[in-house]
Structure formats: structure tokens, C-alpha cells
1. Are any of the residues in the range 82-89 small (Gly, Ala, Ser), in a helix (DSSP H, G or I) and at pLDDT below 95?
2. Report the residue count in the range 1-10 for those that are open to solvent by 10 Å² or more (accessible area, probe 1.4 Å) and in contact with a Phe, Trp or Tyr (Cβ under 8 Å, 6 or more places away or on another chain).
3. Please work out which residue is least open to solvent (accessible area, probe 1.4 Å), limiting yourself to the range 143-156 and to residues that are assigned to a helix (DSSP H, G or I) and not β-branched (Val, Ile, Thr).
4. Being among the polar types (S, T, N, Q), in a helix (DSSP H, G or I) and within 16 Å of SER122 (Cβ to Cβ) is the filter here, so list the residues in the range 157-197 that pass it.
5. Which residue, of ASP43, ASP50, is charged (D, E, K, R) and closer than 19 Å to PRO259 by Cα?
6. Which of the residues spanning the range 81-111 are among the aromatic types (Phe, Trp, Tyr) and under 19 Å from the mean Cα position of the chain (by Cα)?
7. Can you name the condition, by its number, that GLY159 falls short on among (1) open to solvent by less than 50 Å² (accessible area, probe 1.4 Å); (2) under 22 Å from HIS56 (Cβ atoms); (3) not hydroxyl-bearing (Ser, Thr, Tyr)?
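The values are calculated or read from the model by the stated rules, or taken from the named source; none is laboratory data. All values reported here derive from a predicted model rather than from experimental measurement. All Cβ positions, even for glycine, are placed from backbone atoms using ideal geometry, and neighbour counts span all protein chains on display. To get the accessible areas, we keep the full protein, side chains included, count just its heavy atoms, and leave off ligands, DNA and RNA. Shrake-Rupley method; radii C 1.70, N 1.55, O 1.52, S 1.80 Å.
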Amino acid sequence: MELCSIASGSSGNCIFVGGEHTRLLVDAGISKKRIIEGLAGADVSADDLDGILITHEHADHISGLGVLSRALHLPIYATRGTIRGIKSMNALGEIDGELFHEISADLDFTVGDLTVHPFHISHDANDPVAYRVSDGVRTVAVATDMGTYDAYTIENLKGVNGMVLEANHDIRMLEVGPYPYPLKQRVAGVYGHLSNEWSGRLLSEILHDDITQIFLGHLSAQNNIPELAYETVKLEIDLSDNNYRGGELPIDVAMRGEPGKKVTI
């Protein structure tokens, strides 16, 4: 399995997940040009993509979907609510209805040689999901845009060998930052985004010895700093009841505006 962040943040999201024979994108929230350039930097041709998994219909996850789907005619996998939301976005232009493949949380489906498991997440969108993707040996997950998590979330992330996990904001930066109060409430609410602290606590629940890579993703441009996200998550791991030390784990921050390294899981 291969995992690479093309972009991850409040201004746009696109993650590459690849198996031996199948290559997928999770979300297309940046321009087609940036997606193709990011893939090329990871030695992946956009022409070799086999589909796009959409987590939800917010603009930072689908803004490039219309242009990309028309150019590459890629299957689009999303829940019924997300498909409805996508079709209501006039800014995307016309998308061929035959490209949409409706999926449901907790029901596995296959794309090529990969098995995809969608699971519910807590976010203010139409039936949003996160994804586990497996080639039968190794498993990766992309789990962002979660206002909270519970035992169900933990169960769906257990055993993954690589992941992109949300660390959206620093609570204190959000509190004193420029956002209007209602937006601050939304971001910090149960249908908003995971803070650095809660990201570290969730990660502490699912750590095991066979994790190859953890990317902290979906960082806020106004309410977080990469170094702060890393240090806070690391501290939460150090304070947890498990035997892991944050500084000894393969943790990197996925950048908002530039592609990251492609990692073999």
C-alpha cells in the first residue's frame, strides 16, 4: 500500500491511496492542475487512477471534482447524502451521472484489488464518512472532519498500518483567533473538527507496533501551526496509559499547500 497527501487542510484536501494494481484519490478539493502535479511528484500518473472516494460535499473536499471527473471520467464513490450535496453545487458544473457510485457506511466495496470500508464520522454534512482501504495485507485510513469520536470510531481505526488523522486546531488559538463566535462554536463542536489534543487522545487509543506512518491532517490555516500540532499530539501520547512515546513514532504533518512524501505502508 502507498499513501501520500497531495493537499490536506482547511483550504483543500486530496489524498492518494494506492495498491499494487489500483490507485485511488480520497477527495478532490483542489484544482485539477494541482492534483495532477502532486501525483506526478509522487511518480503517479493521473491516467492510472481508478476512482475517487469522497468523504463529504464541503467545498474543500470537492472543488476540483467537476473538472477532474470530466477530464479523466473517473468513478466517484460517495454516500447518497454526499452525492445529493455534490449535485446541488452549481459551481462544479455538469458531472456525468453514470460516474456516481452510491456507497453506505459499514458496507465494504471493492475497487480493483482494494477493499474499501466507509464508516460514519461526526461532521455537519450530508452523511459524511471516513475510509479504511486494504489490499488484504496492509490497511490505511483517511479520517478527518470529525467533531468528536467514540468507541465506534476507535474500532474502525484499530489495526491500520498507516493513516491521515485530523489535527485541525489548537483550542487556545481558536478561542483568541479571528473567527466570529458562531464559527468558533462550530469548529469546536461535536459536528466540527478534532483539536490537536483530541487527535492525540484518539491516536493513543489505536497505536500498535505495526504502524508505518501517521500523517496529521486538515490543519487550520488560522488556528494551528504544524509544529504545535505535532508537539501537542506527541504530548498526549506521552501522557496516555499506553507504553508508546510520541517522539519514537512515525508521525509527520500533512501540509496544507504542498504535497507530502509518498510512503509505502
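1. Keep residues of the range 82-89 that are small (Gly, Ala, Ser), which gives 85, 88.
Still in the running and in a helix (DSSP H, G or I): 85.
Restricting the remaining residues to those that are at pLDDT below 95 gives none.
Within the range 82-89 (the criterion being small (Gly, Ala, Ser), in a helix (DSSP H, G or I) and at pLDDT below 95), the answer is no, since none of the residues qualifies.
2. Looking only at the range 1-10, we keep the residues that are open to solvent by 10 Å² or more (accessible area, probe 1.4 Å), and these are 1-2, 10.
From what is left, the residues that are in contact with a Phe, Trp or Tyr (Cβ under 8 Å, 6 or more places away or on another chain) are 2.
Number satisfying all stated conditions: 1.
3. If we filter the range 143-156 for residues that are assigned to a helix (DSSP H, G or I), which is where we start, we get 151-156.
Checking the rest, the ones that are also not β-branched (Val, Ile, Thr) come to 151-152, 155-156.
Numbers: ALA151: 76, TYR152: 73, GLU155: 114, ASN156: 17 Å².
My answer is ASN156.
4. At the first step, the residues of the range 157-197 found to be among the polar types (S, T, N, Q) are 161, 168, 185, 195-196.
Right, trim to in a helix (DSSP H, G or I) and you get 185, 196.
Once the filter is applied, which keeps residues that are among the polar types (S, T, N, Q), in a helix (DSSP H, G or I) and within 16 Å of SER122 (Cβ to Cβ), the range 157-197 yields only GLN185.
5. On the way: ASP50 fails: closer than 19 Å to PRO259 by Cα.
It is ASP43.
6. Just the residues of the range 81-111 that are among the aromatic types (Phe, Trp, Tyr), to begin with: 100, 109.
Across the range 81-111, the qualifying residue is only PHE109.
7. Result: GLY159 fails condition (2) only.
Quick grid of which residues meet (1) over 17 Å from VAL233 (Cβ atoms); (2) under 17 Å from the mean Cα position of the chain (by Cα); (3) aromatic (Phe, Trp, Tyr); (4) open to solvent by 50 Å² or more (accessible area, probe 1.4 Å):
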{"residue": "PRO178", "(1), (2), (3), (4)": "yes, no, no, yes"}
{"residue": "LEU183", "(1), (2), (3), (4)": "yes, no, no, yes"}
{"residue": "TRP198", "(1), (2), (3), (4)": "no, yes, yes, yes"}
{"residue": "GLU205", "(1), (2), (3), (4)": "no, no, no, yes"}
